[in-house]
Structures are given as C-alpha cells and as structure tokens.
Amino acid sequence: MSAPRSAERALRDAVIATAREMNALGINRGKSGNVSARWRKGNFDGYLITPTGMPYASITPTDIVAMPIDGQTDATRSRRRPSSEWRFHRDIYRARHDAAAIVHTHAPFATSLACLCLGIPAFHYMIAVAGGDDIRCAPYATFGTQALSDHAVAALEGRRACLLANHGMIAIGVSLAAALALAVEVETLAEMYWRARQIGEPVVLPASEMEVVVAKFRTYGQPES
Ligand SMILES: [Zn+2]
C-alpha cells in the first residue's frame, strides 16, 4: 500500500490540475497564466505557485514553488523559480484574507477587452459574481513588476476578479475550484460583452438593481462553492 498523500502534496497536485484545467477549458493557452494556493503549515506562511516557463503538461509536484508571504523567493525549499508574476500573488494574499487561491490567465476575450483598457460594466447581472457592479481593468504595467501588483490589488478592491490592461485577468477564490470557476465566468462575460458591442451599445443595469443582485448573490448564491 502506498503512503497517504500529505496535505501539502495534495495541494501541489491540485495547483497542477487547476493549471492544466484552465488550458483544457480554453481560458488560457500555452505557458502563459499561472495558478497558486495559499499554504500554511508550522511556521511556514505563504503559497504554492506554478513555476516559470514550464509547460503545464510536464509539471510534477516538486516543480511547484513554495513562496513565503513575507518575502521574495525561498530557494532553500524549491528547486524551480516561481512564476514571474509571484509579486501579485503574494500581495493579493497579503491584502485579501478571503483569497485562498488565485488563477491568472490570458483568456482571449477578457484579454481582448483589456487590450482596449476596457473593464466590464453591469451589462449582465452575472457581473455580480465578481463581487460588485463591474469588473475593473487595472492600468498597464510591465509583467512581474511591483507596479503591476499594486494596480492589480487596487482593481480587486471589493471584487474577486479584475482585468489587467494589455495583459489578461485575475480571479481569486476561497478554493482553487472557486477561483477557476470565476475565471471561466469572467471569460464568458467578456465574450458576451464583446459580442454585444459588435451590434450596438449594451444596456448597463442601474446601480440600484445591481445592489439588489449583489445582495442576492451574498444571500442565496454559491459563487464561491
Ligand atoms: Zn500574465
């Protein structure tokens, strides 16, 4: 009989499965995008993140990088370098106690809108799945920089997802499954918004109606399940 998997090994497996799933679902392509999950054990407080520059199909659990929440890289614990976007993962975990997982993708429709520096307004009530009455687009900054991280954390204020100008999107959740499901929702909304704009100017729901919808999601919905 094989030994039971440790909780850390199980989470490493889940990070890999989520990264592969985002490509299988068509919300990411190739090696772009990255996935992480918060990880605390003993005196380690941090997160497990996909490595930089490796195809997801070939990643094994020991390739996943353990990063401390209060520092930069932890070369002693990991044999790979982390995703180049580790700064915004670290800063989101610091800023958002509701975030247990982060999915970052270059989803085609979300990224197309982001290349126009367009956020997504409340053209559809499901916008509330991200926590408010819009999904903001963070201003552009070079990938991997502290400036990009600062913009992302600000755009996520009161939200669970944002777009990144000329780059992609971020979705956070209470679990890897929740973050991935939200990323799929955001891409679906981005596609619908893009399509609607081909034939006219989408009607945006009033703030008063979106307050009702956001409250209903909080009470009845299970967007984080
Ligand atoms: Zn990216």
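General observations
- Note on the chain: helix-only mean residue ellipticity at 222 nm, from DSSP H runs of 4+ residues weighted -39500 (n - 2.57) and normalised by residue number, equals -11500 deg cm²/dmol.
- Likely footprinting exposure, Thr52, Thr111, Thr219, Thr105, fewest C-beta neighbours within 10 Å first: Thr219, Thr52, Thr111, Thr105
- Whole-Å semi-axes of the ellipsoid equivalent to region 1-57 (Cα gyration tensor, √5λ, descending): 23, 15, 9
- Out of every Cα-Cα pair that region 131-186 contains, those further apart than 16 angstrom amount to 39 percent.
- Rg/Rh for region 100-171, where both radii come from Cα atoms and Rh is the Kirkwood radius: 0.94
- Theoretical FRET efficiency, 1/(1+(r/R0)^6), r = Cβ-Cβ of Ala95 and Ser32, R0 25 Å, to 0.05: 0.55
- Extension gain (nm, one decimal) between Glu211 and Val174, 0.36 nm per residue minus Cα-Cα: 11.1 nm
- Remark: region 186-193, residue by residue, has Karplus-estimated 3J(HN,Hα) of 4, 5, 5, 5, 4, 5, 5, 5 Hz, where x stands for each Gly or Pro and the curve is 6.51 cos²θ - 1.76 cosθ + 1.60 at θ = phi - 60°.
- In order along region 150-166, phi translates into HN-Hα couplings of 4, 5, 5, 4, 5, 5, 8, 4, x, 9, 10, 8, 8, 9, 10, 3, 6 Hz, rounded to whole numbers, per the Karplus curve 6.51 cos²θ - 1.76 cosθ + 1.60 with θ = phi - 60° and x for Gly and Pro.
- Charge dipole (debye, nearest 20) of the chain; +1 at Cβ of Lys and Arg, -1 at Cβ of Asp and Glu: 800 debye
- The fewest-to-most ranking of Met22, Met192, Met169 by surrounding Cβ atoms within 10 Å reads Met192, Met22, Met169.
- Neighbour counting of Cβ atoms within 10 Å sorts the residues Ile199, Ile59, Ile172, fewest neighbours leading, into Ile199, Ile59, Ile172.
- Amide H to amide H distances under 5 Å link Ala101 with Arg38, Gly173, Ser175, where only residues 5 or more positions off or on other chains count and H is placed in the peptide plane.
- Spin-label pair Asp13/Ile199, simplified geometry with 7 Å Cα→Cβ offset, distance in nm: 4.6 nm
- Gyration tensor (alpha-carbon) shape descriptor, the chain, a/c threshold 1.5: prolate
- Here's the picture: charge each Lys and Arg Cβ at +1 and each Asp and Glu Cβ at -1 in region 20-125, and of Pro121, Asn43, His97 the one pushed furthest to the positive end of that dipole is Asn43.
- Derived scalar couplings ³J(HN,Hα) [region 107-121; Karplus, 6.51 cos²θ - 1.76 cosθ + 1.60; whole Hz; x for Gly, Pro]: 4, x, 6, 4, 6, 4, 4, 5, 6, 9, 6, 9, x, 10, x
- Long-range HN-HN contacts of Phe123 with modeled amide H, under 5 Å: Leu205
- What you get for region 100-210, charging only the Cβ of Lys and Arg (+1) and of Asp and Glu (-1), is a dipole of about 140 debye around the Cα centre.
Values quoted throughout were computed directly from the atomic coordinates according to the rules given, and no laboratory measurement underlies them. Only a predicted model underlies this, so the values are computations on that prediction, with no experimental measurement involved. Virtual Cβ from ideal backbone geometry, glycine too; neighbours counted across all protein chains shown.
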